[in-house]
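Here is the structure we will look at.
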Amino acid sequence: MAGVTLKGVKKAYGAVEVLHGIDLDIRPGEFVVFVGPSGCGKSTLLRVIAGLEEITAGRLEIDGRLVNHASPKERGIAMVFQSYALYPHMTVYENMAFGLTLEKDTPKSEIDARVRRAADILQIEPYLDRLPKALSGGQRQRVAIGRAITRDPKVFLFDEPLSNLDAALRVQTRIEIARLHERMHGTTMVYVTHDQVEAMTLADRIVVLNKGRIEQVGTPMELYSDPDNLFVAQFVGSPAMNILKATAEAGRIRLADGGGAVAVEAPAGAGGALHLGVRPEDLALAGPDRALLTGTVTLTEALGEVTLVYVDLGGAGEPLVVKLPGAVDLARGSTVHLAAEPQSLRFFGADGRAIRPAAPERRYA
């Protein structure tokens, strides 16, 4: 197992800086996922680790060794791309063995053993004699992953490997990648995706990137439950967290844009403009006496297992999104009262940073 350490890593193309001083420590055996909007630098960061892009400044270490100027081959990594990049005229076996055959000091018996071990791990032994055109998209992706496994790398790098698959195959292959991590005895894996489900289900830790900077690093539940700022709060989770502009006055919360008062206390130390955050799934229908928010239904979307309800709170902001279990019959234009547990509410300052309760003061006898 090998760790990956980035210290002040920058990447620029001419005068355009894409990565702005990335500091990150990926522990040996960890499964880390990079997420962020298009153009945030996640694929560039992965390519920097792979050695496919040169670092403009900073330090990159793999397994404790400085690799700033090392070639991809010298870094002990294997990369799986979004496109399968299989040779169409070669069989599955030949595709998986090709990289090893270029290493003249690797015996044929060892090449064969590595290929068959990878095929066993990925359950593609029956396809070893087939050409890529005779395989499904999911099978081709497994071949591409198998080709990486045969190299026995210190670090696996995945660049959106499931984006070309349909929904059912994405789920199946995602589960196979999770099993692969277990069967590879905790080999370090770094994975880029724009799919939140992939990130939440695969990652030991998630790195949220925005405009070439790291916004937050944490476990999936840390990012979901305790986002550091508004960007992470609205990026992690689907539908996104509802964010309501508000002010804190005399210890109480009042919504901006004419939204009225909210029956909740302001966080300690908060004053003036702030933002109130609540996830759609943390809201529930309630009676008027328990209502945190009251509004008018503007649209419902029945998705089977859940219903999304869009509610106008009477202000100038975006409709509130409510995620209710099962089928819910709410007419457009009807008034709804919504409640949420106080501990599910999140507060952010005018600068977008999370307002957290102060740690209890330690007292010593």
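Computed values, structure above
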quantity: Cα-centred dipole magnitude for segment 1-131, charges only on beta-carbon of K, R (+1) and D, E (-1), debye, nearest 20; calculated: 220
quantity: Formal net charge of residues neighbouring E61 (Cβ-Cβ distance under 11 Å; K, R +1; D, E -1); calculated: +2
quantity: Relative contact order %, segment 1-147, counting alpha carbon pairs below 8 Å whose residues are six or more apart; calculated: 21
quantity: Segment 41-87-segment 149-199 distance, computed between alpha-carbon centres (Å); calculated: 17
quantity: Charge context of G137, other residues only, Cβ under 11 angstrom, K/R +1, D/E -1; calculated: +2
quantity: Student exercise, segment 77-236 dipole from Lys, Arg, Asp, Glu Cβ charges, in Debye to nearest 20; calculated: 420
quantity: Spin-label pair E17/T298, simplified geometry with 7 Å Cα→Cβ offset, distance in nm; calculated: 3.9
quantity: Size of charge dipole - the chain - debye, nearest 20, with Cβ of Lys, Arg +1 and Asp, Glu -1, no other charges; calculated: 720
quantity: Links that overshoot a 25 Å alpha carbon limit, given the list K73/K211; K104/K154; K73/K133; K10/K245; K11/K73; calculated: K73/K211; K73/K133; K10/K245
quantity: Under 20 Å from K323, Cα to Cα: aspartates and glutamates that are on another chain or at least 8 residues apart; calculated: D195, D226, E281, D282, E301, E305, D312, E341
quantity: Within segment 4-232, percent of DSSP bridges classed antiparallel, to nearest 5; calculated: 55
quantity: Extreme residue, positive dipole direction of the chain, given options G269, T5, F81 (C-beta unit charges); calculated: T5
quantity: Selection from G146, P132, L60 lying farthest towards where the dipole of segment 33-151 points positive, charges on Cβ; calculated: P132
quantity: Rel. contact order, % - alpha carbon contacts under 8 angstrom, at least six apart, segment 225-359; calculated: 27
quantity: Summed residue charge, Cβ within 14 Å of K154's Cβ, Lys/Arg positive, Asp/Glu negative; calculated: 0
quantity: 10 Å binning of all Cα-Cα separations within the chain, expressed as whole percents from 0 upward; calculated: 5, 20, 24, 21, 16, 9, 4, 0
quantity: Euclidean distance between Cα centres, segment 323-356 to segment 103-137, Å; calculated: 51
quantity: Sequence-separation-based contact order of the chain, relative, with Cα cut under 8 Å and 6+ spacing, percent; calculated: 15
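The numbers here are math on the coordinates, done by the rules we state, and not lab data. Just so it is clear, the structure is predicted and the values come from calculations on it, not from any experiment. Virtual Cβ from ideal backbone geometry, glycine too; neighbours counted across all protein chains shown.
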